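The values are calculated or read from the model by the stated rules, or taken from the named source; none is laboratory data. Note that the structure is a prediction, hence the values are computed from the model and not measured. Cβ coordinates were reconstructed from backbone atoms using ideal geometry, including for glycine residues, and neighbour counts include every protein chain displayed.
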Amino acid sequence: MGIPREWETIDVDIADSIATVTLNRPDRMNVMNLTMRDELVACFDHLRTAVDKVRVVVITGAGDAFCAGGDVNDFDGTPAEDLHDLMRLRSHRWFQGLWSLPQPTIAAVNGTAAGGGANLVLATDLAIASDRARFGETFIRVGLMPDLGGLYLLPRLVGLRKAKELCFSGELIPAEQLAELGLVSRVVPHDDLYAETMKLAQDLAGKPRHTLALTKMVLNRATEQSMEEVLLNELLGQSYLFGTRDQRDALGAFLHPSPKASTLDGKAADGDR
């Protein structure tokens, strides 16, 4: 599958149903300037329309950093009313585009993820971090409050009190604490980061895509809805999935496994849902 355009600040590679989006300003620790924000919007819009060919999206950074946040040079001296429009039209759009992608998304956190870069990690579905990674809501260091969804997502992952501590302090958390806090799925040796991320991505790429998309959509909304609303979403999603080819194929493979896959977790698979 071809890439629809040349990118100035990101690289996009699509192979084996996996799109790898690499933030590519390594000399600036991949900070997000306005061009990168616009390119991420266009990239995610493109990937959203390619669900038949792109099953998983991986995001990482070039060089030694994942993303050190936003490029403050783009906003220095900008009037407040102009900044409001810039944030709404160029920053919030990429965050919402990433958050709402139907495909599973994975952050491969290869180094520092700070400020907006930290919140990019939070906006993905799963994250694997290098043991060289660091994470921090560093906005307070430049007199700003967290944005790009950080104040929405962070307390849901780590709890309100810990979220306040991280935002008030602006400290960078070392890799060994990231999984414990729930900020990433796991931490791996730096040299194993790419292989471990691709292993996870390939596993997800082989799963029923409609099931993953609907599960993600309901989970993303579940914390804001009542039990009754979530039950309704489950009912509607399940009713749809029972009619899909992917579900019939998955059920057939489960009920009639190949000789090499005749057991599931050490138990007979027959009839055990």
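Tabulated data for the structure shown
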| item | result |
| --- | --- |
| The one condition in (1) at positive phi; (2) surrounded by fewer than 22 Cβ atoms within 10 Å (Cβ to Cβ); (3) touching a Leu at 6+ places or on another chain (Cβ under 6 Å) that Asn30 fails to fulfil | (2) |
| Tally of residues being touching a helix residue (DSSP H, G or I) at 6+ places or on another chain (Cβ under 8 Å) and farther than 16 Å from Val21 by Cα across segment 103-117 | 3 |
| Segment 169-180: number of residues that are over 11 Å from Ala129 (Cβ atoms), in contact with a strand residue (DSSP E or B) (Cβ under 8 Å, 6 or more places away or on another chain) and either among the small types (Gly, Ala, Ser) or assigned to a helix (DSSP H, G or I) (or both) | 1 |
| Out of Val58, Val54, sole residue that is more than 15 Å from Gly149 (Cα to Cα), among the aliphatic types (A, V, I, L, M) and in a loop (DSSP other than H, G, I, E, B) | Val54 |
| Test: residue in segment 168-184 that is farther than 17 Å from Ala123 by Cα and of a type in the set (Val, Ile, Thr) | yes |
| Unique match (being in contact (Cβ under 8 Å) with a residue 40 or more places away in the chain, among the hydrophobic types (A, V, I, L, M, F, W, C), in contact with a strand residue (DSSP E or B) (Cβ under 7 Å, 6 or more places away or on another chain) and within 16 Å of Tyr194 (Cα to Cα)) among Val21, Val57 | Val57 |
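Every residue, every condition in (1) more than 20 Å from Ala113 (Cα to Cα); (2) outside any helix (DSSP H, G or I), yes or no:
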{"position": "Thr20", "(1), (2)": "no, yes"}
{"position": "Asp27", "(1), (2)": "no, no"}
{"position": "Asn30", "(1), (2)": "no, yes"}
{"position": "Met36", "(1), (2)": "no, no"}
{"position": "Cys43", "(1), (2)": "yes, no"}
{"position": "His46", "(1), (2)": "yes, no"}
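To keep it simple, each residue is scored yes or no on (1) in contact (Cβ under 8 Å) with a residue 40 or more places away in the chain; (2) small (Gly, Ala, Ser); (3) over 28 Å from Gln202 (Cβ atoms).
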site: Glu39; (1), (2), (3): no, no, no
site: Cys67; (1), (2), (3): yes, no, no
site: Asn73; (1), (2), (3): yes, no, yes
site: Leu86; (1), (2), (3): yes, no, yes
site: Pro104; (1), (2), (3): yes, no, no
site: Asn110; (1), (2), (3): yes, no, no
site: Ala127; (1), (2), (3): yes, yes, no
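Per-residue answers, yes or no, for (1) surrounded by 23 or more Cβ atoms within 10 Å (Cβ to Cβ); (2) in contact with a Lys or Arg (Cβ under 6 Å, 6 or more places away or on another chain); (3) in the same structural domain as Tyr194 (by TED's automatic domain parsing):
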| site | (1), (2), (3) |
| --- | --- |
| Ile14 | no, no, yes |
| Ser17 | no, yes, yes |
| Thr49 | no, no, yes |
| Thr60 | yes, no, yes |
